[in-house]
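Trainee: Please find one structure pasted underneath; my questions will follow.
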Amino acid sequence: MVIKQAKIEAEKVKEMGIRDTRKLAETIMVIGNRTIVCQDKGSMWSLSLWHSSNPLQAAIPLLLVQVSLISTVSKLIEFCLKPLGQSTIVSQILGGMVFGPSMLGHQKTIASTLFPLRGTLVIETFATFGIIFFIFSVGVKMEPVTLLRSQPQALVLGLSVFFFTLILPVALATILRNNVPMQTSFADSITLIAGMQSFTSLPVVACLLNELKLINTEIGRLALCASIYCDILGILVSAVVLSITQTKSNNSYPSYLPLLSVIVLTLVIIFIVRPLILRFIHQLPIEKPINEAYIVNFFVLVLVATFVSEFIGQHFVFGPLVLGMIVPDGPPLGTSLTMKIDTFVSGLLYPTYLAVSGLNTNVFLIKFESVWIVGSIIVFSFFVKLGSAMVPATFFCNLPAREALTLGLILNARGIIDIMTFNVLKQGKMLGDEEFSLAVISVIFISATIMPLIKLLYNPWHQYHKIRQNTIQHAKYNSDFRILVCIHHHDNIPTIINLLEVSHASEESHVITIALVLVELAGRTTPLLVSHRAQTRTFESTSSTTGQIVNALRRYEQYNQGCAMVESFTSISSYATMHGDICRLALDKRANIVIMPFHKQWAIDGSVGSIHRPIQNLNINVLNKAPCTVGILIDRGIVTGSTSVIASKRVFNVGVLFFGGADDAEALAYAARMVNHECVRLLVTRYILFGSENSRERKRDTETIDEYLKANAGNERFKYEEQVLRDGVGVAQSIKAMSDCYDLMLVGKYHPESPLFTGLDEWSECLELGIIGDLLASSDFESKASVIVVQQQRLGGPLINRTSQQAAVNDRSERPAKKSQVHDVSFEDNSVKAAHQKPMHHSDDSWSIAINAKNRL
């Protein structure tokens, strides 16, 4: 019947005598429940507008218009839903539904013009290529073995979630089938939909956690591990179901052949393809990009794996997924492959696949009886998965109820894997149009529900604002000094080693260094926090740079044996979420200060060599959320050559610019510790506004400084001066005059408002450094000194109460006097003492009451 009808249509075309068949619309035939579309096979490109040709009658222009419209509308919807806390998958599916039969496509004119049936095969093929390479990329980024080792308790969680969500909803579907009148096809469909609720996919969970910025939290890591177990079980169940389906549809082959073919394909990829890939990686030149021809060969291999999967009766993404999982993640190969794929595939092809699913969704086909039946199964499955996650999370993983509830919501995430499975079932005639529409709407509903709930219930950063004071200034006398240093590159090492050395490790007060090497996440899905002492395979595979950094820190530890200890870690994560590892490590190790490298790197000639904006955003996140003091290190060591304090025993000049406030007090506390080192010479320069001698803030700052002066009485390496100024011009001139006198300068980030800063904030580039910090970090500030901009720990957001500073300083002043270390503080200008008692009169806009800092040092 179909062939005969097609011949009749072909004869009609000949009789019409149309030479340009691109002017002819498609012929649509509906035979039973099948729709046949006949069109001219040569209509790929239109002639042009000037030949009176409609571009939308040709396949390629039609595809370009469809993809452009879908992408634009999806972005607009995402922009509108973002304030409501919605995920991107909701906007991408809705972007397709807008043009589908559920909305604009319900109008025949719009549907036949923009999304006619003849273009369906083309856009679906286009989107299919996207999902093939997207799944391959997901497989490359997965590193389940290492992640599962770090979270062994996730096994119980994953098994509980999968099996309870598989058994109970299927049981409910069976009860409904036996007690509620419904069509046979619909009854079979609800069983499949119920079974599908047990799937919890790693890519879906990882995407949700990335959007929520929770992937580096304890809950995020636990959810990722549990989803891996669910993924493995889900893949096995899917392979078995598809194999059984193939056997039922074709009885000419034994029932075990489809499943056996899956096993053979998997073994070939693991034991033949993987060794070849590993051999190829070992032959690659170190730290050199991979040849483009090799990348293309891997893409061809992905297409071959896709064809083989389809040929043996499995879904076409099975081969790319397994192939991706056996490719070593990270550099060099994994990173190169994912970098080539992600931009185009994840940015364009992957959203198009979701939008096509929205195009195929028709809400007008849904009946009320179907809504309450499928809705009951979906809601029941949601709460079953929630409960099956909360119980083991509470009793086995020891999570609080609120965090266990958040974990259950995360594991209820829906995404691309669910949509892809629904499409497979629809293409296999196991889901009808009505059931498919209900399934897609359920994905939208659950995704739209859980993301705002998670944001409402869980904020991991609150824990960092509810702890005790953990600063340098408030530390007990002779307690261990715990410093967390973050390192991006081996160029940071010389300055970091000097900083650790002048922090003065002694038998009375040890220096505990927590070194965190920051590696940007590339070619991986899951972030990792690796302990160097564990000597795991992942750590060894990072890079030679990491080994150089760790070895340098070990040498520092050996030099100060018995007084210093170094713990080394590597954080492999994206810069957007890396602050989670830093803050968590600082909290666990009770760090007094976190040292973060500045996002600008200096060249050897003193100019700015490179700028890394993601690092700047990372520093801002750490400043906002750290559970201790934070110091931003502006490293100019490369300009001077970073002579080692350990090797040369040279004098190391440190300067503190004190304007007042808690941050300056913290900088002074750190410098006061440094001056105990025999090589350190310290000069504290206090800037005072003329006429402010009776202000409350000035009196508090005076009390703080006096305590440090008293504690260092007689120490000739501790010097102090005051400068009385009127405005920002004088401050800038004073700082510029002493810029070449120091090896290291310390200054607080925040200062109380004062006319001393007038005009200095107008050209600020880096607000995270404060006004003076930004001035010292400016490329116009010609100096060879490195700078640490200090922000004292914020408790609950505001500055620490200054009244508590007195007790800490008093405790420090009670230490026993040692004749070898305590000397009188050197005041070369007696007028300094008078600064506390009466204002100074002067004739210039900017002048100092003490000897110039350059002459001092």
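The values are calculated or read from the model by the stated rules, or taken from the named source; none is laboratory data. In this text the structure is predicted, and so the values were computed from the model without any measurement. Reconstructed Cβ throughout: ideal geometry from the backbone, glycine too, with neighbour counts over all protein chains shown. Heavy atoms of the whole protein, side chains included, go into the accessibility calculation; ligands, DNA and RNA do not. Shrake-Rupley method; radii C 1.70, N 1.55, O 1.52, S 1.80 Å.
Trainee: Quick check, is Ser74 under 20 Å from Thr449 (Cα atoms), modelled with pLDDT of 85 or more, touching a Gly at 6+ places or on another chain (Cβ under 7 Å) and crowded, with 20+ Cβ neighbours inside 10 Å?
Mentor: So Ser74 passes the test.
Trainee: Still on this structure, I have one more. So which residues in the stretch 205-218 are open to solvent by less than 10 Å² (accessible area, probe 1.4 Å) and at pLDDT 85 or above?
Mentor: Listed by number, the residues that qualify are Val205, Leu209.
To keep it simple, each residue is scored yes or no on (1) more than 21 Å from Gly660 (Cβ to Cβ); (2) at pLDDT 90 or above; (3) open to solvent by 20 Å² or more (accessible area, probe 1.4 Å).
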position: Leu775; (1), (2), (3): no, no, yes
position: Ser778; (1), (2), (3): yes, no, yes
position: Gln791; (1), (2), (3): no, yes, no
position: Leu795; (1), (2), (3): no, no, yes
position: Thr803; (1), (2), (3): no, no, yes
position: Ala808; (1), (2), (3): no, no, no
position: Arg812; (1), (2), (3): no, no, yes
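Trainee: To continue, here is another question. Considering only the stretch 281-292, I want to know if a residue exists there that is at pLDDT 80 or above, open to solvent by less than 60 Å² (accessible area, probe 1.4 Å) and either touching a helix residue (DSSP H, G or I) at 6+ places or on another chain (Cβ under 7 Å) or assigned to a helix (DSSP H, G or I) (or both).
Mentor: Within the stretch 281-292, one or more residues are at pLDDT 80 or above, open to solvent by less than 60 Å² (accessible area, probe 1.4 Å) and either touching a helix residue (DSSP H, G or I) at 6+ places or on another chain (Cβ under 7 Å) or assigned to a helix (DSSP H, G or I) (or both).
Trainee: Tell me, which helices (runs of 4 or more DSSP H) lie completely within the stretch 655-772 with 1 or more residues that are within 21 Å of Gln793 (Cα to Cα) and open to solvent by 20 Å² or more (accessible area, probe 1.4 Å)? Steps first, answer last, please.
Mentor: Numbers: elements: 662-674, 696-711, 728-737.
So the answer is 662-674, 696-711.
Trainee: Modelled with pLDDT of 80 or more, closer than 26 Å to Ala475 by Cα and out of contact with any strand residue (DSSP E or B) (no Cβ under 7 Å at 6 or more places or on another chain) - does that describe any residue in the stretch 654-662?
Mentor: For the stretch 654-662, residues modelled with pLDDT of 80 or more, closer than 26 Å to Ala475 by Cα and out of contact with any strand residue (DSSP E or B) (no Cβ under 7 Å at 6 or more places or on another chain): present.
Trainee: Further question: Checking the condition among the aliphatic types (A, V, I, L, M), buried (at least 24 other Cβ atoms within 10 Å of the Cβ) and either more than 34 Å from the chain's Cα centre (by Cα) or closer than 25 Å to Leu172 by Cα (or both), which residue from Leu386, Leu407 passes? Show your work before the answer.
Mentor: Values: Leu386 fails: buried (at least 24 other Cβ atoms within 10 Å of the Cβ).
After ruling out the rest, the residue left standing is Leu407.
Trainee: For the stretch 554-566, how many residues are in contact with a helix residue (DSSP H, G or I) (Cβ under 9 Å, 6 or more places away or on another chain) and more than 14 Å from Val645 (Cα to Cα)?
Mentor: Residues that pass the stated criteria total 3.
Trainee: Could you check Val379 against (1) among the hydrophobic types (A, V, I, L, M, F, W, C); (2) touching a Leu at 6+ places or on another chain (Cβ under 7 Å); (3) part of a helix (DSSP H, G or I) and say which number it fails?
Mentor: Of everything listed in (1) among the hydrophobic types (A, V, I, L, M, F, W, C); (2) touching a Leu at 6+ places or on another chain (Cβ under 7 Å); (3) part of a helix (DSSP H, G or I), Val379 misses just condition (2).
Trainee: Applying the selection to the stretch 303-334, what residues are aliphatic (A, V, I, L, M) and under 26 Å from the mean Cα position of the chain (by Cα)?
Mentor: Within the stretch 303-334, Leu321, Val322, Leu323, Met325, Ile326, Val327, Leu333 meet the criteria.
Trainee: Need the failing condition index for Ile89 against (1) open to solvent by 60 Å² or more (accessible area, probe 1.4 Å); (2) of a type in the set (A, V, I, L, M); (3) under 21 Å from Ala439 (Cα atoms), just the number.
Mentor: Ile89 satisfies every listed condition except (1).
Trainee: Considering every residue within the stretch 47-56, establish whether at least one is more than 15 Å from Thr352 (Cβ to Cβ), modelled with pLDDT of 85 or more and open to solvent by less than 40 Å² (accessible area, probe 1.4 Å).
Mentor: Taking every residue of the stretch 47-56 in turn, none turns out to be more than 15 Å from Thr352 (Cβ to Cβ), modelled with pLDDT of 85 or more and open to solvent by less than 40 Å² (accessible area, probe 1.4 Å).
Trainee: Given the structure, is Ser357 of a type in the set (Gly, Ala, Ser), touching a Phe, Trp or Tyr at 6+ places or on another chain (Cβ under 8 Å), surrounded by fewer than 20 Cβ atoms within 10 Å (Cβ to Cβ) and assigned to a helix (DSSP H, G or I)?
Mentor: no
Trainee: Moving on to the next point. Collect the residues in the stretch 472-523 that are open to solvent by 20 Å² or more (accessible area, probe 1.4 Å), within 30 Å of Arg613 (Cα to Cα) and not in a helix (DSSP H, G or I), keeping them in residue-number order.
Mentor: Arg482, His488, His489, Val519, Glu520, Leu521, Ala522
Trainee: When you go through Ile572, Ile615, Ile582, Ile595 one by one, which is the residue that is touching a residue at least 12 places away in the same chain (Cβ under 8 Å), of a type outside the set (D, E, K, R), assigned to a helix (DSSP H, G or I) and in contact with a Leu (Cβ under 7 Å, 6 or more places away or on another chain)?
Mentor: So the residue among Ile572, Ile615, Ile582, Ile595 that is touching a residue at least 12 places away in the same chain (Cβ under 8 Å), of a type outside the set (D, E, K, R), assigned to a helix (DSSP H, G or I) and in contact with a Leu (Cβ under 7 Å, 6 or more places away or on another chain) is Ile582.
Trainee: I'm trying to understand the selection: among the residues of the stretch 161-187, which are open to solvent by less than 20 Å² (accessible area, probe 1.4 Å) and either of a type in the set (S, T, N, Q) or under 34 Å from the mean Cα position of the chain (by Cα) (or both)?
Mentor: Result: Val161, Phe162, Thr165.
Trainee: Another question, then. Residues Met420, Met430: which one is touching a helix residue (DSSP H, G or I) at 6+ places or on another chain (Cβ under 7 Å) and open to solvent by 30 Å² or more (accessible area, probe 1.4 Å)?
Mentor: On the way: Met420 fails: open to solvent by 30 Å² or more (accessible area, probe 1.4 Å).
Going through Met420, Met430 in turn, just one is touching a helix residue (DSSP H, G or I) at 6+ places or on another chain (Cβ under 7 Å) and open to solvent by 30 Å² or more (accessible area, probe 1.4 Å): Met430.
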